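Everything on this sheet refers to the single structure shown next.
Only the coordinates and a few stated rules stand behind these numbers; no lab work does. For clarity, every value in this text was computed on a predicted model and none was experimentally measured. Cβ atoms come from the backbone with ideal geometry, glycine included; neighbour counts cover every protein chain shown.
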Protein chains: 4
Amino acid sequence: MRTTSEHPSALTEDPRELDRTDPLSHIAAAAEAYRNWGRWGEDDRLGTLNLIDDDARARAAALVRRGASFSLSQPFDMNGPQQGWRRRTNPVHTMLDTGTDAEFIGQGFPHGLGGADDVIAMPLQCSTQWDGLGHIFDRGMAWNGRPAGRVVTSEGDLVTGIEHAASAIVGRGVLLDLGRLLGPRLDEAGRDELPDGYAITVDDLEACIEAQGPTSRVGRGDLVLVRTGRYTRARREGWNGYAGGPSAGLSFTTAGWIHRTGVAAIATDTWGFEVRPNEFDDAFQPLHQVVIPNIGLTVGEMWDLDALAEDCAADGRYEFLLTAPPLPITGAVGSPVNPIALK
Amino acid sequence: MRTTSEHPSALTEDPRELDRTDPLSHIAAAAEAYRNWGRWGEDDRLGTLNLIDDDARARAAALVRRGASFSLSQPFDMNGPQQGWRRRTNPVHTMLDTGTDAEFIGQGFPHGLGGADDVIAMPLQCSTQWDGLGHIFDRGMAWNGRPAGRVVTSEGDLVTGIEHAASAIVGRGVLLDLGRLLGPRLDEAGRDELPDGYAITVDDLEACIEAQGPTSRVGRGDLVLVRTGRYTRARREGWNGYAGGPSAGLSFTTAGWIHRTGVAAIATDTWGFEVRPNEFDDAFQPLHQVVIPNIGLTVGEMWDLDALAEDCAADGRYEFLLTAPPLPITGAVGSPVNPIALK
Amino acid sequence: MRTTSEHPSALTEDPRELDRTDPLSHIAAAAEAYRNWGRWGEDDRLGTLNLIDDDARARAAALVRRGASFSLSQPFDMNGPQQGWRRRTNPVHTMLDTGTDAEFIGQGFPHGLGGADDVIAMPLQCSTQWDGLGHIFDRGMAWNGRPAGRVVTSEGDLVTGIEHAASAIVGRGVLLDLGRLLGPRLDEAGRDELPDGYAITVDDLEACIEAQGPTSRVGRGDLVLVRTGRYTRARREGWNGYAGGPSAGLSFTTAGWIHRTGVAAIATDTWGFEVRPNEFDDAFQPLHQVVIPNIGLTVGEMWDLDALAEDCAADGRYEFLLTAPPLPITGAVGSPVNPIALK
Amino acid sequence: MRTTSEHPSALTEDPRELDRTDPLSHIAAAAEAYRNWGRWGEDDRLGTLNLIDDDARARAAALVRRGASFSLSQPFDMNGPQQGWRRRTNPVHTMLDTGTDAEFIGQGFPHGLGGADDVIAMPLQCSTQWDGLGHIFDRGMAWNGRPAGRVVTSEGDLVTGIEHAASAIVGRGVLLDLGRLLGPRLDEAGRDELPDGYAITVDDLEACIEAQGPTSRVGRGDLVLVRTGRYTRARREGWNGYAGGPSAGLSFTTAGWIHRTGVAAIATDTWGFEVRPNEFDDAFQPLHQVVIPNIGLTVGEMWDLDALAEDCAADGRYEFLLTAPPLPITGAVGSPVNPIALK
């Protein structure tokens, strides 16, 4: 546990040392200690995505051996996890034209052409997604020290809209399969799944890297995927509070690790990235509050890491080219994404 | 012009030989000649995407040199090209929570956390997109010889929904910059843009490959991007009928070339892929009618190829790794996409 | 119980006489016996709404005494009863502009003008509503004997769209408060609420009219509101399956009464108008199948009848002017409505 | 022209006396002079709708003679007037289930039941509508002197949401047909239509009342409908800027008349209620800024008054029972409405 001298207690990396009654002090200390405001200039719109450069992308492409392609997206449909909280629904997909009409009724096109069109309505946070830099604020401030109200109005994110990251999120992906590492010991049935409420610590992350071997090293510009097994369970047993309920996830105390490793983005197979319930008596997503507006981290949630994890375990290689571009929806604070890992 | 003996007149690859008054005969002949039904089994859901295999993906990844990443997506917002035809609107993006509320009013979260969420409603055919295999029917039949009404009902595409292609569309991309090849001669101002109504022929495609050099060869499993310059002009002069109006595009007579080259998918920078007005006196997108339900081709439309084209022209390399996964919207007949070319 | 001789057993008005194993015979018999096809001409788009004429409307207006106005609509918001069945969500209401932006950030309007705009996305069957004539089909046929596929395509209801009833649904309303009549005897706590699964019979309806007195007589062109108390309970105890779960409602055996009284429309305070579970071992909304496509009845669901019922009980007058126009959404098969009872 | 002595120049009721270069002074003076803040208590949510009481409603019902019912709503569909300004689209209506599927494919219901469901997505300001009290702010303040940001956040209108008016908008309607009064003199073809840019003055309103006779008197609690003929023209010639472009409408100088007559609400057949272009060199809807947040007036726009106007002209009776309830969308700042005039 790397702690004490260089980390005053508010910055402890041992969850047991957190003062559960004082989230604000911990949040304030971490925000101040790890803040990247100004690091990439006054006008920055990308945060830690700046840490991926073309060389890194070229090296990531060179990791590809077999050409095996993995989609890391959950299905987008009405059977998704949303239950209405904050007006987040599941995607509503409807048809403007159908094959039934084309076959039996006709649609007004000549010479036997028929067509089907469709429409979707969905919250951008409904399923596999990126949280953009305008998604979370810390005490009124958005990424890079901008007042929240100057960034995200009802017109959308006028400054750090997700469209700015349209070509940025391509790089070396690393899977840290905490479910596989710790599940057999912690899960009641010995599955590769962390129990709800389990806070993944810096020690856990480093133990995972150690256990998985050198293809798992994490460094500057990497896109880190943390598998807990929460989605595995949801797929087997039903959602049961997947969206907002208890779950394993990153401990608040990982903020320093996130900062010093220089990772470009982190995504998990959970709804909320960080452990739920949160590690304070009264708090809501305190790690978000540190990493998004202060560190400038782009955060991925509700990814399906299972097939990729199987493959990594099989061949012992946990690194790959990850291509996970958001849809460039102008002014969006998040985006659905179908991330592709190419091994 | 490869023609006569092996191609009866209905299959001519010279647009001047088309009988403008008889689209149905041409459609029927091409559909029959190039039909891939059953080629990948009774249960196939991917069509020509089957032609990309892991080896092809590995070779495509090996094309990456500099690590330069290009987003090929147009912006998704209300300023898009749609004007209401077939209830196709531009994307409507609204906020569920804003930074203004977070900064000035409060949102009920503790300890200074604020958040912004958003929602989108959009036709899946509104902007940069893939047409899925259920998007077009030919005389009541969908891809692989299935009756259209058994494939796409108001529940969506029950068989060939775009979710089946979630991990498939990754491979070698090739840019054929017809605008750059022919524009200087054909455009009134000598720009790298084809005039509206220009039908790109097989000869044009082959001349382009010849002119661009060996990185432009087109073969089995390739993802071919055809730039006309139509979007370049729309960006400069306004949409002016970009959606559905006149445009350069592929000639109906390219169907055979599409079939025999074994390309996995083709995308263009135009609304409609094929030349507009179509090459018959009375027709609507006859090439679609051949290539989607008969050949099983996945078709991309409204891509932004300009920055990539600049780069290809600069370094003389027209091939790259293309990662263009659809959102796995269950049962969708198309999907918005942010394609990434990595060079 | 008016039965036997004039009603062969398939048309019984005694629910105990229904053959629970043979819904199709009952449906077929009732459809045939009560069918109004052709009664108002080949081109009819209104069904039993034709039974309201201007005289009836004038007489209804003359019923107004005090000028007390009752809204019979439930709230339209995310807290509604829908749980996703058949992609029916609750209404999603989002803001395009807000007062927060207007007050603190500015919106680009001159001289201090600020504005708020909003958007809604909702199924037309999500809350208080009318089912239009294109909402239900019987063995492939729509109202007036038209093939369903010629009436409602993915373009909407091309024939009997709810817009045709835009000015029609104004007339004499009559409240039949079955909850108040029978609840004290049937509800376990003696409340004015029918128990779930209670099938309201013709005898019940006539007993209610008798008990409530002459202002409750039901006849040609009347708009009949049947209160079960189901919504009263949902308001008190939560939805608990309000949408699609068990509920009191009209018995299948009331079809003949509906036909012979000549009512123009019927609305209830339940999700589904008819009793749930339905009165056959395997069936789905069999009374709908008779009354909408065969009788041509416009059906209202999820109305809030409680305040009106209180008032009727207090003054003993159960008739009023009812103004309940649908939104004239072109081609809609239903419409949200805020019905107004004026007493 | 009632002016000078009792009206200082900033409050002139003669448009020619407006200082076109100083809208703010005029707005400020009118806001101060006609402000109703506090008139109905601190907690008021209804504004001038308070001026309709039950007696007024009973008297309005007594106006009904023939029982003729007029829908005053425009159609809700993709052919509406919106062109994307402020993300206002036309309504997008899609089907969740169709008759084609029911007839030819089957939908999983037993015994031949088929169904059609539908969905709508629309701005609440897209077509025939009421502007709620939270729709417009004056220098950061909402109706009754509340700060705009405390009233309308991204959660909606938390105070004066349109749901509070669910049962309120029923009363005596009066049609003032300015198009018919002045069109024959002012329209180039002598039609019953005012030319674009024509500002309807207090003198015009009083002349209209005088000309139409005693059934047109306007007083406390009335719902006044002002017909310009703008929609008549749009129906004949196409929208041509109906939404936001030039139009006849109320002059800014009518604010005092609106205040002193005590009308409960005013609706017009135009997009914007007041004259367009507005009567100042640089302004945007200045009369809205006075009447909604200061007077507390509910404003109707884009109504179809033509059939009603024909009838009124024919029988000489310009008063009727008007029932125009908003949909009770929780927190909405406006609502689509199908207003019913009953004569």
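Beyond 31 Å, what share of the Cα-Cα pairs of chain D is found? Please give it as a whole percent. Looking at chain D, the distances longer than 31 Å represent 33 percent of pairs.
The GNM of chain C, with springs linking C-alpha atoms under 10 angstrom apart, assigns the highest mean-square fluctuation among C:185, C:236, C:45 to C:236. Shielding of peptide A:52-61 by partners, expressed as the average count of other chain Cβ atoms within 10 Å per residue Cβ, is 5. Database remark: amide H of residue C:267 closer than 5 angstrom to the amide H of C:224, C:225, C:226, C:300 (H placed geometrically; neighbours at sequence offset of 5 or more, or on other chains; Pro and chain starts carry no H). Think of each Lys and Arg Cβ as +1 and each Asp and Glu Cβ as -1; about the Cα centre, that makes the dipole of the protein assembly as shown roughly 0 debye. What does the charge count around residue B:67 come to, taking other residues whose C-beta lies under 11 Å from its C-beta (Lys +1, Arg +1, Asp -1, Glu -1)? Result for the local shell: +3.
When chain C is treated as a GNM with alpha-carbon contacts under 10 Å, the residue of C:262, C:47, C:106 showing the greatest mean-square fluctuation is C:106. In segment A:177-304, Rg over Rh equals 0.94, where Rg is the alpha-carbon radius of gyration and Rh the Kirkwood radius from pairwise Cα distances. Placing a label point 7 Å from the Cα of residue C:65 along the Cα-to-Cβ direction, the distances to the matching points in the other copies come to 2.7, 8.9, 9.2 nm, shortest first. With the convex hull of its Cα atoms as the shape, segment B:105-152 has an orientation-averaged projected area of 6.7 nm². For segment B:116-258, the Kirkwood hydrodynamic radius from C-alpha pairs, put into Stokes-Einstein at 37 °C and a viscosity of 0.692 mPa s, yields a diffusion coefficient of 185 µm² per second. Sparse packing (at most 13 other Cβ atoms within 10 Å of the Cβ) combined with a DSSP loop state is found for the following GluC sites (Glu not before Pro) in segment A:24-105: A:42. Each copy carries residue D:282; placing its label point 7 Å along the C-beta direction from Cα gives inter-copy distances of 4.9, 5.7, 7.4 nm, listed from smallest up. When both bridge partners sit in chain A, DSSP labels roughly 65% of those beta bridges antiparallel. Listing C:329, C:258 from fewest to most neighbouring C-beta atoms within 10 Å gives C:258, C:329. Neighbour counts of other Cβ atoms within 10 Å put D:304, A:131, B:282, D:204 in the fewest-to-most order B:282, D:204, D:304, A:131. With θ taken as phi - 60° and the Karplus curve 6.51 cos²θ - 1.76 cosθ + 1.60 applied, the whole-hertz 3J(HN,Hα) list for segment B:287-299 is 5, 3, 4, 7, 7, 6, x, 9, 6, x, 8, 7, 10 Hz, x standing for glycine and proline.
Each Lys and Arg Cβ is given +1 and each Asp and Glu Cβ -1; about its Cα centre, chain A then shows a dipole of about 400 debye. Counting every Cα pair in the protein assembly as shown, what percent are over 65 Å apart? The answer is 12 percent, as a whole percent. Kirkwood analysis of segment A:109-193, using all unique Cα-Cα pairs, places the hydrodynamic radius at 17.7 Å. Computed over the alpha-carbon atoms, segment D:264-318 gives an Rg to Rh ratio of 1.09, Rh here being the Kirkwood radius from the mean inverse distance.
Computed on the Cα atoms alone, the convex hull of segment B:149-225 gives a volume of 159 cubic angstrom per residue. In this assembly of identical copies, the label point of residue B:79 (Cα plus 7 Å along Cα-to-Cβ) is separated from its counterparts by 3.2, 4.0, 4.0 nm, sorted shortest first. Using C-alpha pairs under 8 Å with a sequence gap of at least 6, the mean separation divided by the residue count of chain A gives a relative contact order of 29 percent.
Largest GNM mean-square fluctuation among C:172, C:65, C:233, using chain C with Cα springs under 10 Å: C:65. By DSSP, the beta bridges lying fully in the protein assembly as shown are antiparallel in about 70 percent of cases.
Segment D:175-234 and segment A:61-113 have Cα centres separated by 51 Å. Going by neighbour counts of Cβ atoms within 10 Å, the residues C:34, C:318 line up, fewest first, as C:34, C:318. Straight-line cross-link reach from residue A:343 at under 23 Å between alpha-carbon atoms covers these lysines, not counting any fewer than eight positions away in the same chain: B:343.
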